[in-house]
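Accompanying notes for the structure given below.
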Amino acid sequence: MLYLPGRRDYQWQYGDAQRSYYTVAHAAKFVRPGSVRIATNVPGSLQNVAFKNPDGKKVLIVLNTGAASQTFDIGYRGKAVTTTLAGGSTGTYVW
């Protein structure tokens, strides 16, 4: 999301603002105070970041910036799970 006041070529779309709101809401709900960021990468249209909470739980927040559903794997300590995230949505995974 990019907002540049005073310029006619700024990008501010309701969908972008709403998506950003829900992404921040996911972080506020699941990433506890004192958490540490442990990983992040951007494979294609799947922006993501992972945290370790003080209680030891891991939190992965994934934003699918594409229009189509994306299937991906979440790997941790030699184990993996496959999941699908709809286009334009945010998913939070806790373990």
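A compact table of results
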read-out: Cα gyration tensor, the stretch 15-95 - rounded (a/c under 1.5), prolate or oblate; value: oblate
read-out: Sparse-neighbourhood loop sites, chymotrypsin sites (Phe, Trp or Tyr not before Pro) in the stretch 28-78 - DSSP loop, at most 13 other Cβ within 10 angstrom; value: none
read-out: The stretch 22-95, relative contact order [Cα under 8 Å, separation at least 6], %; value: 27
read-out: Gain upon complete extension [residue 67, residue 32; 0.36 nm per residue less C-alpha separation]; value: 9.6 nm
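The numbers here are math on the coordinates, done by the rules we state, and not lab data. Source: prediction; values computed, not measured. Positions of Cβ are backbone-derived with ideal geometry, glycine not excepted, and every protein chain shown enters the neighbour counts.
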